[in-house]
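Presented below is the structure to which this report refers.
Each reported figure results from applying straightforward, stated rules to the coordinates on display, with no laboratory input. Small disclaimer: the values here were computed from a predicted structure and weren't measured. Here the Cβ positions follow ideal geometry from the backbone for every residue, glycine too, while neighbour counts run over all protein chains shown.
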Amino acid sequence: MNKEASSPLTFAVPKGRILDEALPLMARAGVVPEAAFHDKKDRSLSFASEDGASQIIRVRAFDVATFVAFGAAQVGIVGSDVIEEFGYSELYAPIDLDIGHCRLSVAEPAQSQDHKVGNASHLRVATKYPNLTSRFFEKQGIQAECIKLNGAMELAPSLGLSGRIVDLVSSGQTLKSNGLVETHVIMQISARLIVNRAALKTDPRVAALVEQFRAMIDKKAA
Ligand code: PRP
């Protein structure tokens, strides 16, 4: 038995909304977390799969990409927003899972008169996505000063931290509830299966899992 096959495969999943949609897909691929995974009082950070072949770690979405890029986890599920924001060369995202649909958008206060991005040469933007944000505004010839926040971006304009935000939008309810309007869509997002490129080459279990997910998605699309 080679070294990889003797240790469980590590599968990283994000906390939050994608998880509910991801778990049924993982189950169809044979990856079912032990019961403790669903126990809110359990403070463990890694869980065995029911068959003992994998361990499942539940981390923040951005950290899913980092664990997989560095090979600490071999496989993961994460939004295409996170993949694009980091641009890790060691990450391979072979399968669009067709779940976790949302968009990354620019928003500003509803009463703002300045809906055209081109109205300014310098903007301050609060976001979790400084790379995608700078790139988007650069294309319009605008230098964006990005203020990195990790959540509750929608508060930034009303408190004078920034004129705009770049954040995920799904139903649009969070923007509406905080007096903001969406002005530009930067990208459409869905969740992807991601694997570490080196692990894909050296550990046959990774390639087998990719094929299982691929077959499942192809069947769904047929
Ligand atoms: C996301 C996002 C927005 C909200 C958008 O946050 O950051 O705040 O969802 O969804 P909506 O358009 O349906 O209102 P999430 O609730 O996932 O938590 P987070 O701030 O911890 O990322």
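List of remarks:
- Ellipsoid semi-axes in whole angstrom, largest first, where each is sqrt(5λ) of the Cα gyration tensor of the range 127-179: 20, 12, 10
- Charge tally for residue 34 (other residues, Cβ to Cβ under 13 Å; Lys, Arg +1; Asp, Glu -1): -3.
- Computed from Cα atoms alone, the Kirkwood hydrodynamic radius reported for the chain is 18.8 Å.
- Backbone HN-Hα couplings from phi across the range 12-26 [Karplus 6.51/-1.76/1.60, Hz, Gly and Pro as x]: 9, 10, x, 5, x, 5, 4, 4, 4, 7, 6, 4, x, 5, 4
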